[in-house]
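**Q** Sharing a structure with you now.
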Amino acid sequence: MDEIRMYDTMSRELRSLPLGDSGQFRFYVCGPTVYGPAHIGNFITFARFDVLYRLLKLAGYNPFYVRNITDVDDKTIRNAIEANESLSAFTEKWTVQFQEDCETLNMLVPDVEPRATGHIKEQIEMVQALVDKGHAYVGGDGSVYYRVRSFSDYGKLSHFDPDALQQQSTTSGGAVNLADEYERDSVADFALWKARKDSDGPVFWESPWGEGRPGWHLECSAMSRKYLGDNFDLHGGGEDLCFPHHENEIAQSEAATGKPLAAHWMHSIHLLVEGKKMSKSLGNFFVISDLEEKGYYPAEIRLAMLGGHYRQQFNFTVSGLDAAKSGLSKLESAVEALLESAGLKREDWGAFVKPEIPENWGIFKNAWAAFRNDLNTPAVLGALFNGLKKARKNANSPQEAKASLVSTGALIYGLGLELFSRPTAEQDVSEIPSEIQKLAKERWQAKQAKDFNEADRLRNFLSEKGWLVVDRSDGYSIQPKP
Ligand SMILES: [Zn+2]
């Protein structure tokens with residue numbers, strides 16, 4: 001087994017990833033809250049954990065991956081009521097959309113994708129255990145709160161001092177809702193179980209503390225315990241989850257079980273888009289279909305995402321997508337040349353892309369080392385391109401070419417890049433039905449006439465038929481949807 005070293009948020013150092021007695025590497029990643037389409041910032045986090053999953057498979061860690069779906073919280077309830085749909089119908093729709101987007105980006109499906117609403121019983125049991133042990137109490141509003149002061153290790157992950165929060169909130173005046181303070185013994189305390197409110201509409205469950213719903217932090221503690229046990233090998237998520245979400249998970253789980261929750265903690269730093277924090281008002285808020293409509297294919301989006309290291313702030317840009325577009329073409333032509341030298345065809349490539357590593361990495365040794373050194377994907381890509389350049393010069397014999405294909409196939413599996421998945425340019429013109437061409441032309445004319453409603457209607461219609469219209473500076477082009 002090849003060693004993987006990763007930065008651990010709790011100890012703040014690079015450490016060898018543990019492989020316990022179970023012979024399995026068990027890890028948990030906090031998944032999406034399904035109240036709308038996930039955006040590029042969410043997906044870069046999930047793509048990085050997907051690469052970790054693939055790397056663990058390659059390196060022989062035998063991973064078991066759990067990523068939850070948050071399908072009950074303030075946002076899902078509020079948006080379901082606004083949409084006039086039941087919570088389950090509403091969250092199902094966005095769960096399916098999320099899973100489809102993950103598939104589009106060639107992410108492997110986790111071993112388990114548990115949903116919060118499917119584990120109410122486990123969550124109530126954990127609250128009960130915490131109440132029994134004196135770590136939780138019923139507040140003035142009927143909700144159950146976690147008593148942060150009862151857990152002396154609180155703050156050990158994020159290196160946060162709970163006393164600071166207490167002081168800050170009592171001296172800063174107005175920062176804290178005072179009415180809320182009476183419900184809890186301390187402002188640092190957080191809700192494990194939320195008593196039913198009018199704004200929850202029809203969303204509630206019965207519990208020993210009356211009607212209500214679980215607090216957000218609780219689901220991950222209950223579901224990780226169910227699927228991975230009291231302690232497991234790695235826990236991860238976006239950097240914003242480190243505090244308070246993960247800190248609260250640790251407090252809940254460790255107080256309930258008496259064991260350390262996870263041996264290793266991994267957090268993915270958020271991206272900037274075009275140099276700025278992503279926001280709807282800045283127009284740099286992208287979901288996957290926005291990028292597809294700009295004419296980028298999923299493999300290009302994925303390659304662009306992997307151009308940044310997960311612990312450095314990454315600037316996601318349109319010029320980066322353009323660079324990924326040509327980078328992917330370079331990768332494809334290098335692989336094509338190797339296939340030819342090995343006496344093989346493009347159809348044979350798929351057999352090389354699998355979670356198996358070669359006995360000898362040869363000229364791709366540095367790429368594999370970069371992979372195992374804190375998941376350094378930009379360095380992996382650099383070393384892969386270098387290796388392919390060398391291979392192109394060296395590959396005289398079919399055997400040498402084949403050895404390079406084996407190494408490249410393993411690295412491409414790890415990165416999760418789908419080569420040769422884009423339609424070729426020739427396909428475009430000859431295979432577009434005349435009806436589609438006619439509608440695209442009508443859309444263009446509507447747009448020129450500033451009839452944007454009609455133009456949008458036609459674009460959506462074409463999209464439903466499986467065709468993308470992409471505007472260019474000198475007109476438009478039609479592409480089959482990726
Ligand atoms: Zn979580």
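Values in this text are rule-based calculations from the coordinates and carry no lab data. Remember, it's a predicted structure, so these values are computed and weren't measured experimentally. Cβ atoms come from the backbone with ideal geometry, glycine included; neighbour counts cover every protein chain shown.
**Q** How much FRET efficiency would the formula 1/(1 + (r/R0)^6) give for LEU14 and LYS93, where r is the Cβ-Cβ distance and R0 is 41 Å, rounded to 0.05?
**A** For LEU14 and LYS93, the calculated efficiency is 0.50.
**Q** With both bridge residues required to lie in the chain, what share of the DSSP beta bridges run antiparallel, to the nearest 5%?
**A** 55
**Q** Size of the dipole of segment 272-415 about the Cα centre, Lys and Arg at +1 and Asp and Glu at -1 on the beta carbon, nothing else charged, in debye to 20?
**A** Dipole magnitude for segment 272-415 comes out near 400 debye.
**Q** With +1 on the Cβ of every Lys and Arg and -1 on the Cβ of every Asp and Glu, and nothing else charged, how large is the dipole of segment 207-319 about its Cα centre, in debye rounded to the nearest 20?
**A** 100
**Q** Something else about it: Which of the GluC sites (Glu not before Pro) across segment 12-101 are loop residues per DSSP, with 14 or fewer other Cβ within 10 Å?
**A** When the GluC sites (Glu not before Pro) of segment 12-101 are filtered for loop state and at most 14 Cβ neighbours within 10 Å, GLU85 remain.
**Q** Additional query: With a cut-off of 8 Å between alpha carbons and a minimum separation of six or more residues, what is the relative contact order of the chain in percent?
**A** 16
**Q** Here is a follow-up. Taking every Cα atom in segment 270-314, find the radius of gyration and the maximum pairwise distance Dmax, and write them in Å.
**A** For segment 270-314, the Cα-based Rg and Dmax read 11.1, 29 Å.
**Q** For ASP230 and GLU356, what does the FRET efficiency come to when R0 = 41 Å and r is the distance between their Cβ atoms, rounded to the nearest 0.05?
**A** 0.80
**Q** Take every Cα pair under 8 Å in segment 5-268 that's 6+ residues apart, average their separations, divide by the length, and report that relative contact order as a whole percent.
**A** In percent, rounded to a whole number, it is 24.
**Q** How far apart, in nm, are two points set 7 Å out from the Cα along the Cα-to-Cβ line at LYS280 and at VAL138?
**A** Between LYS280 and VAL138, the simple spin-label model gives 3.9 nm.
**Q** Another question, if that's okay. All other residues with a Cβ under 10 Å from the Cβ of LEU58 taken together, and with Lys, Arg as +1 and Asp, Glu as -1, what is their net charge?
**A** Local charge sum for LEU58: +2.
**Q** Could the peptides 21-33, 253-265, 435-447 be put in order, highest first, of the mean number of other beta-carbon atoms found within 10 Å of their residues?
**A** Descending mean neighbour count gives 21-33, 253-265, 435-447.
**Q** Helix 452-464 against the longest principal axis of the chain: what's the angle in degrees, Cα atoms only, rounded to the nearest 10?
**A** For 452-464 against the chain, the angle is about 80 degrees.
**Q** Is the shape of segment 272-415 rounded, prolate or oblate, going by the alpha carbon gyration tensor and its root eigenvalues a ≥ b ≥ c, with a/c under 1.5 for rounded and a/b larger than b/c for prolate?
**A** Here segment 272-415 falls in the prolate category.
**Q** Counting each DSSP H run of 4 or more residues in the chain as -39500 (n - 2.57), what helix-only mean residue ellipticity at 222 nm follows after dividing by all residues, to the nearest 500 deg cm²/dmol?
**A** -14000 deg cm²/dmol
**Q** Let me ask something else. Normalised by the number of residues in segment 272-415, what is the relative contact order in percent for Cα pairs under 8 Å and 6+ residues apart?
**A** With pairs under 8 Å counted, the relative contact order is 27 percent.
**Q** Once each part is reduced to its C-alpha centroid, what is the distance from segment 296-347 to segment 215-292 in angstrom?
**A** 28
**Q** Can you give the FRET efficiency to the nearest 0.05 for SER329 and LYS365, using r as the Cβ-Cβ distance and R₀ = 45 Å?
**A** That gives a FRET efficiency of 0.95.
**Q** Can you say what percent of the DSSP beta bridges in segment 229-354, counting only those with both residues inside, are antiparallel? Round to 5.
**A** Taking every DSSP beta bridge within segment 229-354, about 10 percent pair in antiparallel fashion.
**Q** Could you name the lysines in cross-link range of LYS441, using Cα to Cα under 23 Å and dropping any fewer than eight places away on the same chain?
**A** Excluding near neighbours in sequence, the set is LYS294, LYS450, LYS465, LYS481.
**Q** Could I ask something else about it? Once you put a point 7 Å from the Cα of ASN84 and another 7 Å from the Cα of ASP240, both along the Cβ direction, what distance in nm separates them?
**A** Rounded to a tenth, the inter-label distance reads 3.0 nm.
**Q** Quickly work out the LYS390-to-PHE452 label distance, labels modelled 7 Å from Cα along the C-beta direction, and quote it in nm with one decimal.
**A** 5.4
**Q** Mean shadow of the chain, computed from the convex hull of its alpha carbons, in nm²?
**A** Spelled out: convex hull of the Cα atoms, projected over all directions, averaged, 26.0 nm².
**Q** Past 28 Å, Cα to Cα: identify those pairs from LYS276/LYS447; LYS280/LYS447; LYS93/LYS133; LYS93/LYS280, in the order given.
**A** LYS276/LYS447; LYS93/LYS133
**Q** Taking the number of other C-beta atoms within 10 Å as the exposure measure, put HIS235, HIS217 in order starting with the fewest.
**A** HIS217, HIS235
**Q** Over what distance in Å are the Cα centres of segment 1-39 and segment 80-159 separated?
**A** 19
**Q** Among HIS309, HIS159, rank each residue by its count of other Cβ atoms within 10 Å, from fewest to most, as a rough exposure measure.
**A** HIS159, HIS309
**Q** Relative to the longest principal Cα axis of the chain, at what angle does helix 434-448 sit, 0 to 90 degrees, rounded to 10?
**A** Result, in degrees: 70.
**Q** Right, next: Mind sorting ILE77, ILE269 by how few other Cβ atoms lie within 10 Å of their own Cβ, fewest first?
**A** By the 10 Å Cβ count, ascending: ILE269, ILE77.
**Q** Next up: For segment 1-153, just run the numbers: alpha carbon Rg, then divide by 2.2 N^0.38 Å, N being how many residues it has.
**A** 1.26
**Q** Roughly how tilted is helix 120-132, in degrees to the nearest 10 and between 0 and 90, from the longest Cα axis of the chain?
**A** Relative to the chain, helix 120-132 is tipped by roughly 40 degrees.
**Q** Once you list every other residue whose beta carbon is under 10 Å from the beta carbon of PRO214, what net charge do they have if Lys and Arg are +1 and Asp and Glu are -1?
**A** -1
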